[in-house]
Every structure is written in C-alpha cells, then in structure tokens.
Amino acid sequence: MKAITIPLKLINLQDDGFHLLMEVVVFKQKHFAVLDTGASRSVFDKTLIEQHLAETLQVSEDINAATLFTTTSTIQASIPELKIGKLKIKDYHTVAFDLQSVNETYQQFGHPPIASIIGGDILMEYRAIINYSTLELTLYK
C-alpha cells in the first residue's frame, strides 16, 4: 500500500467558512478541484467535459450525484485519465454539472476557478486522510 500526498490550499469564503482546493490533471491540463467530504461522488464541470468528450456524452434527467449543488440534468462521461498527485485513475466514470455559479462566487472572492469537486467515491476508495495542520491530503493505492 503506497501513500500519495497531495498539497491542499485552504481558501476563505468570507462568512461562509472554508474550502480546500487541490490540483488535478484532466485531459493533460492542470485544474483546481474542491475537496468535498460531503459530496457522495466526484463531479466535473460540464463545459470542460463537453469540450473534450462531446461525442461520447450521455445526458440523463435523473439526479445521480449528491453534492452541494443542484441540477435538473446531468451528463455522464468517462475521463480517460484523472491524475491526483501521483495517483492515476484510468477511465474514470463521472457525472458533469454546470459549475459556473460556483466559479462566479469564487471569482468574487479572488479565488481561482474550479473544474471539479472531488467527493466521497474517490476519497473512500483511496482511504483519504485530510491533515488540516499540514494542509495535505494522503491517498493510498
């Protein structure tokens, strides 16, 4: 069992608390993702998924990802490779939401846009440990 450590960035959302951001690589590009222990599964920004996987998308009217964000339709897609630190997840089946309103809020507070919310599916599978004092996420392969 190999430990992989990923640096986290703590951002202040004014009176709304804090979010933890981490870097992920999708479609060979670096993006920020929110680490969300309350999200049942990880989701990606709809625009990003549509740009890279337009021909392979499946649209569903069912809500099949519970996060802080609500939607009436979801897009399902398979990302060829998701990298979180040195962890590589091949053919990651995901759901895409419109994260534009989240990104607009982030921009108002001077924070970078996010492309993803990393949730419980990945955190559970790779036995995540979040260390707030060192601002590190440890995942186990």
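The values are calculated or read from the model by the stated rules, or taken from the named source; none is laboratory data. Everything numeric in this text was worked out from a predicted model, so none of it was measured. Backbone-built Cβ (ideal geometry, glycine too); neighbour counts: all protein chains shown.
A few remarks follow.
- The stretch 14-31: number of residues that are of a type outside the set (S, T, N, Q), within 22 Å of residue 105 (Cβ to Cβ) and not in a strand (DSSP E or B): 3
- Residue match in the stretch 52-72 (condition: in a loop (DSSP other than H, G, I, E, B), modelled with pLDDT of 95 or more, under 20 Å from residue 130 (Cα atoms) and within 14 Å of the chain's Cα centre (by Cα)): no
Every residue, every condition in (1) surrounded by fewer than 13 Cβ atoms within 10 Å (Cβ to Cβ); (2) of a type in the set (Val, Ile, Thr); (3) over 19 Å from residue 48 (Cα atoms), yes or no:
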site: 107; (1), (2), (3): yes, no, no
site: 110; (1), (2), (3): yes, no, yes
site: 114; (1), (2), (3): no, yes, no
site: 121; (1), (2), (3): no, no, yes
site: 138; (1), (2), (3): no, yes, yes
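- Unique match (being touching a residue at least 12 places away in the same chain (Cβ under 8 Å), surrounded by 10 or more Cβ atoms within 10 Å (Cβ to Cβ) and under 19 Å from residue 108 (Cβ atoms)) among 11, 6: 11
- Some residue of the stretch 32-48 being in a helix (DSSP H, G or I) and without any contact (Cβ under 8 Å) to a residue 60 or more places away in the chain: yes
- Summed over the stretch 123-136, the residues that are surrounded by fewer than 17 Cβ atoms within 10 Å (Cβ to Cβ) and under 24 Å from residue 76 (Cβ atoms) give a count of 2.
- Those residues of the stretch 86-102 which are under 17 Å from residue 114 (Cβ atoms) and either more than 13 Å from the chain's Cα centre (by Cα) or part of a loop (DSSP other than H, G, I, E, B) (or both), in sequence order: 98, 99, 100, 101
- Qualifying residues in the stretch 76-115 (those that are among the small types (Gly, Ala, Ser) and at pLDDT 95 or above) - the one farthest from residue 29 (Cα to Cα): 85
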